[in-house]
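The values are calculated or read from the model by the stated rules, or taken from the named source; none is laboratory data. A quick note: this is a predicted structure, and the numbers were derived from the prediction, not measured. Every residue, glycine as well, gets a Cβ built from its backbone with ideal geometry; the counts of neighbours run over all protein chains shown. Each accessible area value is taken on the protein alone, full model and side chains, heavy atoms only, with ligands, DNA and RNA left out. Shrake-Rupley method; radii C 1.70, N 1.55, O 1.52, S 1.80 Å.
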Amino acid sequence: MPYPPLPDRRVEVIEGKLLMSPMGSPEHTWMAVALDHVLWPFYRERGWLGAPGGLNICIEGPRDSLAPDFALVPPDCPRWGVGELLSSGVLMVAEVVSPSSVYTDRVEKRRTYALGRVPIYVLIDPVADEPSVTVFSEIKDDAYEVAVTEQIGAPIMLPAPVDFELDTSIFKM
């Protein structure tokens, strides 16, 4: 069940805990929108749907509810109730790290998306000592087995099922 919107707050359930965090900066939002813009022609060609924010994903198993900064799904993605997509049908999610979400995005969400069987988790980390993008994939024992990191500005491959080379210079703000 989706949670009611709160002004200037994102509400999620992660590892059974209710988490209310401040909305990101304009740059945070622009990075999610930039990812959507660059992927739009590609995912439309495949008949997929993408959304920079605004979606809730129900993690099957623990029933955690996450609100990724970007999600890529097939049009027939199964749902949990009316308002949430089931994680098993999601193709890819992306999170943009902000100062208030460092641990949540780098650790908790990585673990939770793997548990929910989301094939690709893209972590856009402009607040790292060296701003970077990490692509997590290949789930084994409820954890991502492969992690590829590139500094923002370098290309990075989004593996199957997406199969797209992403030019991360779009995240330079």
Tell me whether the range 98-108 contains one or more residues that are of a type in the set (G, A, S) and within 23 Å of E45 (Cα to Cα). no
Taking the range 43-56 as the region of interest, how many residues are among the hydrophobic types (A, V, I, L, M, F, W, C) and over 24 Å from K109 (Cβ atoms)? 0
Residue count, the range 123-173, condition assigned to a loop (DSSP other than H, G, I, E, B), closer than 17 Å to H37 by Cα, modelled with pLDDT of 95 or more and open to solvent by 50 Å² or more (accessible area, probe 1.4 Å), comes to 1
Screening L55, L123, L66, L39 for residues that are closer than 21 Å to D167 by Cβ and under 12 Å from the mean Cα position of the chain (by Cα) leaves only L123
So which strands (runs of 3 or more DSSP E) are wholly in the range 16-97 and hold at least 3 residues that are modelled with pLDDT under 95 and open to solvent by 20 Å² or more (accessible area, probe 1.4 Å)? 17-22
